[in-house]
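Below is one structure, written out as structure tokens; the observations come after it.
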Amino acid sequence: MNLFRSEEHIERWLDGRAPGGTIPVTKLAELAEEWWGDRLAPDWRPHTFEQNQAILDRLGLTGGFWRLR
Amino acid sequence: MGEVFGGDTAAVDQADIEFRNATYALFVELGRAPTVKEAAGFTGAAQGEVEEGWRRLHEAHALVLDLPEPAIRMANPFSAVPTSFRVNAAGRDWYANCAWDAFGVCAVLGADGRIETNCPDCGEEIRLEVRRSRPDDESLLFHCLVPAAHWWDDIVFT
């Protein structure tokens with residue numbers, strides 16, 4: 001789970017391995033906000049699979065790669 | 001990477017959740033992972049209770065331990081050990097477990113911050129500012145190698 005300058009850097013780093021999921025850093029920032037924003041809340045409750053999948057879906061991270069199970 | 005509460009949640013009760021919340025609060029207060037002794041002092045629990053609670057939370061993927069000690073390895077998004085994802089936020093330096101968690105440190109603290117890492121391909125330093133949850137360099141890409149369904153197969157690798 002890394003940051004890269006460009007697709008070319010990702011391809012070179014993969015070195016023949018199958019690519020995973022690539023998203024813009026702006027989307028990552030949104031994802032982090034939704035995923036982590038409540039973690040210090042006094043009334044924090046563990047996220048369920050369904051809640052976490054809903055976050056991914058809401059941000060358009062759909063398809064088999066982003067399915068949590 | 002984020003926590004998926006997909007572990008053994010059956011063994012975790014409300015008391016464990018409160019214990020988890022106290023552990024996170026102490027992590028932020030100290031700026032690092034608390035030891036068993038520190039967590040015991042903070043919560044008023046015995047050290048054995050801390051260890052048992054942390055183990056249940058580890059099994060539930062609510063935090064990640066280095067076993068068998070046990071010592072905290074990850075209180076996601078924070079890393080208890082140095083990594084290549086450095087974050088300065090809320091007046092402190094932190095380590096995150098990955099790029100996702102680096103943004104997560106700012107999100108969880110509700111703070112602007114600066115993220116420093118390196119391109120794993122060429123090694124060039126990547127430095128970006130996060131202001132109001134937005135990166136100042138929008139050209140960067142995030143790549144996740146492991147499919148979501150397998151993130152917790154080996155969370156340290158993920």
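The values are calculated or read from the model by the stated rules, or taken from the named source; none is laboratory data. All figures in this text were calculated on a predicted structure; none of them were measured in a lab. We place every Cβ from the backbone using ideal geometry, glycine too, and count neighbours over all the protein chains shown. Just so you know, the surface numbers come from the protein's heavy atoms only, side chains and all, with ligands and any DNA or RNA stripped out. Shrake-Rupley method; radii C 1.70, N 1.55, O 1.52, S 1.80 Å.
Rounded to the nearest 100 Å², what is the buried accessible area between B and A, both sides summed, probe 1.4 Å? Write out the running numbers ahead of the final one.
Values: alone 8980 and 5870 Å², together 10170 Å².
So the total buried area for this chain pair works out to about 4700 Å².
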- Keeping every protein chain in place, order B:C144, B:C122 by accessible area at 1.4 Å, biggest value first, i.e. largest first. B:C122, B:C144
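Specify whether the C-alpha gyration tensor of the range B:60-126 places it in the rounded, prolate or oblate class, a ≥ b ≥ c being the square roots of the eigenvalues: rounded for a/c under 1.5, otherwise prolate if a/b is larger than b/c and oblate if not.
Working: a/c = 2.26, a/b = 1.37, b/c = 1.65.
Taking the square roots of the gyration eigenvalues as a ≥ b ≥ c, the range B:60-126 is oblate.
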- If you wrap a convex hull around the Cα atoms of the range B:24-158, how much volume per residue is inside, in Å³? 114
- Report, in whole Å, the centroid distance computed from the Cα atoms of the range A:38-69 and the range B:42-83. 22
- Accessible surface of A:M1 in the full protein assembly, 1.4 angstrom probe, to the nearest 10 Å²? 20
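Short version: what are the Cα gyration tensor semi-axes of chain A, square root of 5 times each eigenvalue, largest first, in whole Å?
Working: eigenvalues 148, 42, 20 Å².
Its equivalent ellipsoid spans semi-axes of 27, 14, 10 Å.
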- When chain B is treated as a GNM, springs tying every alpha-carbon pair under 10 Å, which of B:E59, B:E29, B:E129 comes out with the largest mean-square fluctuation? B:E29
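Would you tell me the mean number of C-beta atoms belonging to other protein chains that fall within 10 Å of each C-beta in B:17-28, as a whole number?
2
With Cβ to Cβ distances under 13 Å as the rule, what net charge do the other residues near B:P70 carry (K, R +1; D, E -1)?
With Lys, Arg at +1 and Asp, Glu at -1, the net is -2.
From the C-alpha gyration tensor of the protein assembly as shown, pull out the three semi-axes of the equivalent ellipsoid (sqrt of 5λ each), sorted largest to smallest, in whole Å. Before the final figure, lay out the partial values.
Details: eigenvalues 169, 74, 51 Å².
Rounded to whole Å, the semi-axes are 29, 19, 16.
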- Query: Using the scaling law 2.2 N^0.38 Å as the reference, what is the normalised Cα Rg of the range B:91-158?
  - Reply: 1.18
- Item | For B:A80, distant residues with modelled amide H under 5 Å away | B:M74, B:A75
- Inter-chain shielding of B:76-84 (mean C-beta neighbours from other protein chains, 10 Å cut-off): 1
- Item | Ranked by how many other beta carbons lie within 10 Å on average, peptides A:23-31, A:42-50 from highest | A:23-31, A:42-50
